[in-house]
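What follows draws every value from the coordinates through simple rules; no lab data is involved. The structure displayed is predicted, hence computed values, not measured ones. Positions of Cβ are backbone-derived with ideal geometry, glycine not excepted, and every protein chain shown enters the neighbour counts.
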Amino acid sequence: MNKDKRVLITGAAGFLGSHLCDKFIAEGFSVIGMDNFITGDKKNISHLSSHPNFSFIEHDVTEFIKIDGNLDYILHFASPASPIDYLKIPIQTLKVGSLGTHNLLGLAKAKDARILIASTSEVYGDPLVHPQPETYFGNVNTIGPRGVYDEAKRFQESMTMAYHRFHGLEVRIVRIFNTYGSRMRLNDGRVIPAFMGQVLRGEDLTVFGDGTQTRSFCYVDDQIDGIYKLLFSDYVFPVNIGNPSETTILEFSKEIIKLANSNQKIVFKPLPVDDPLQRQPDISLAKKLLNWEPKVSQEEGMRITFNYFKSLSKEELYKKDHKDFSSYNKR
Ligand code: NAD
Ligand code: UDP
């Protein structure tokens, strides 16, 4: 039934984009992946390269996008997502959320396709309402270092709703809360690959601040399932998808040490500017609307993810981050 349906997935070589490609291929869709590899990796989609229903276009979505033939769905997941990445490429981050989103909305309109855009819990900033429901407007520092990501995502949501209201475009907006799993870049600075890399290399775990800040971690399969259900729902407003099970970062670092059965120490480093002090999704809407809730426990998700990082070669585990953003920052 899905065989004649064509889906464009941007950010396809990244963590979530590559898992989405797998999902849509498994459901029988014809998938076009698009990425410029700024934070992604070719190897995340290499297993799909000879699949008859998969094709790939290397392209920066902030430039005009040309796709031949029809398109039924677009999932816009291209954007740096780690605070370390988007601090290093702030202008690219602003551009992909604004110009990139504009190009993709224009493409969706031209092709009469439904578009789902990847938004984030960062639209709530350092939240003063806890847990965060979709009705909360957020508490964002526009000019702080994280503002480049948060504001790009907020603009992205506004632009998407404007295309819906003005052009009648079929839109879906997912507000993704911290998600983890295989294919996260080991050195992208996000806390799960950071801690897992540290325990595997026998290094101390770096907890930022006093570690009392909280996050709620969602396993990738649950996230992909929620996004898939949202795309095929008829709801146009933002929906939170994440796992409400909340933990402090200090507690979490201890769990990773336990999981790895290691005796690493914890060292405290300064808390990054505007690092949200608490975060937990209110998923009542997703439960009601999509009949969705996470199924994978933190224990199981972490075990699978730890085994993934453990399976990396010694060379990969010890190599410095291969990402060199200098050419992008000259643009
Ligand atoms: P990621 O860095 O692994 O993947 C992002 C991908 O987008 C990379 O492959 C990168 O090369 C590509 N990309 C970036 N700019 C591009 C451009 N201009 N043109 C083409 N490709 C470009 O990050 P991720 O965790 O997979 O995040 C994917 C999306 O989900 C992002 O939009 C992010 O904001 C959102 N999100 C993720 C999380 C999470 O916990 N993983 C949480 C909230 C939101
Ligand atoms: N963090 C940490 N040590 C690290 C990396 C991150 O203590 O080596 C903390 C970070 O300050 C934040 C939380 O872990 O409070 C989650 O950080 P991440 O970069 O994964 O994503 P965020 O939720 O902040 O976007």
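Using Cα atoms only, what is the angle between the long axis of helix 249-259 and the major principal axis of the chain, expressed in degrees (0 to 90) to the nearest 10? In the chain, helix 249-259 runs at an angle near 80 degrees to the longest axis. Calculate how steeply helix 191-201 sits against the longest principal axis of the alpha-carbon atoms of the chain, using the helix alpha-carbon long axis, and give the answer as 0 to 90 degrees to the nearest 10. Value to nearest ten degrees: 50. Once the Cα-Cα distance is subtracted from the 0.36 nm per residue extended length, the residue 204 to residue 135 segment shows a gain of 20.9 nm. Close amide-amide hydrogen proximity is noted between residue 179 and 218, each under 5 Å apart and 5 or more residues distant or on a separate chain (H modeled in the peptide plane; Pro and chain starts excluded).
The phi-based Karplus calculation (6.51 cos²θ - 1.76 cosθ + 1.60; θ = phi - 60°) puts the 3J(HN,Hα) values of segment 210-215 at 8, x, 7, 5, 10, 9 Hz, whole numbers, x for Gly and Pro. Each of residue 246 and residue 43 was given a label point 7 Å from its Cα along the Cα-to-Cβ line. The distance between the two points is 3.7 nm. Any idea what the relative contact order of segment 27-152 is, in percent, if you count C-alpha pairs under 8 Å spaced at least 6 apart? Taking the mean separation of contacting Cα pairs over the length of segment 27-152, I get 24 percent.
With a simple spin-label model that places each label point 7 Å from the Cα along the Cα-to-Cβ direction, the separation between residue 27 and residue 311 comes to 2.4 nm. For residue 78, the residues whose modelled amide H falls within less than 5 Å of its own, excluding neighbours fewer than 5 places apart on the same chain, are 10, 11. Residues 88, 66 in ascending order of nearby Cβ atoms (within 10 Å, fewest first): 66, 88. Legend: calculated FRET efficiency, residue 319 to residue 297, from the Cβ-Cβ distance at R0 = 30 Å, rounded to 0.05, equals 0.40. If amide H atoms are built 1.01 Å from N in the plane of the peptide, which residues on other chains or at least 5 residues away come under 5 Å of the amide H of residue 38? HN-HN under 5 Å from residue 38: empty list. With contacts defined as alpha carbon pairs under 8 Å and 6 or more residues apart, what's the relative contact order of the chain in percent? This gives 17 percent for the chain. Derived scalar couplings between HN and Hα for segment 50-64 equal 9, 6, x, 9, 10, 9, 9, 10, 7, 7, 8, 6, 6, 9, 3 Hz in order, rounded to whole Hz, by the Karplus curve 6.51 cos²θ - 1.76 cosθ + 1.60 (θ = phi - 60°), x for Gly and Pro. Highest GNM mean-square fluctuation, the chain, Cα pairs closer than 10 Å: which of 298, 92, 280? The residue with the greatest mean-square fluctuation here is 298. Length available on full extension from residue 265 to residue 109: 0.36 nm per residue minus the Cα-Cα distance, which gives 50.8 nm.
Lys and Arg at +1, Asp and Glu at -1: add these up for the other residues within a Cβ distance under 10 Å of residue 222 and post the number. Every neighbour counted, the sum reads -2.
For the peptides 11-20, 249-258, 123-132, the ranking by packing is 11-20, 123-132, 249-258, with the highest mean count of neighbouring Cβ atoms within 10 Å listed first.
Going by neighbour counts of Cβ atoms within 10 Å, the residues 48, 277, 8 line up, fewest first, as 277, 48, 8. Computed on segment 148-277, with alpha-carbon pairs under 8 angstrom and 6+ residues apart, the relative contact order is 34 percent. Hydrodynamic analysis of the chain uses the Kirkwood radius over alpha carbon pairs. Inserted into Stokes-Einstein at 37 °C and 0.692 mPa s, it gives a translational diffusion coefficient of 163 µm²/s. Relative to the longest principal axis of the Cα atoms of the chain, the long axis of helix 101-111 lies at roughly 30 degrees. Going from the fewest other Cβ atoms within 10 Å to the most, the residues 54, 232, 177, 325 appear in the order 232, 325, 54, 177. Computed from the Cα positions only, the extents of segment 108-253 along the three principal axes stand at 54, 31, 24 Å, in decreasing order. What lysines sit close enough to residue 111 to cross-link, taking a C-alpha to C-alpha distance under 26 Å and skipping anything fewer than 8 places away on the same chain? Once the sequence-local lysines are set aside, what remains near residue 111 is 3, 5, 23, 66, 95, 153, 229.
Whole-percent P(r), segment 221-331, all Cα pairs, 5 Å bins from 0: 2, 8, 12, 14, 15, 17, 16, 11, 5, 1.
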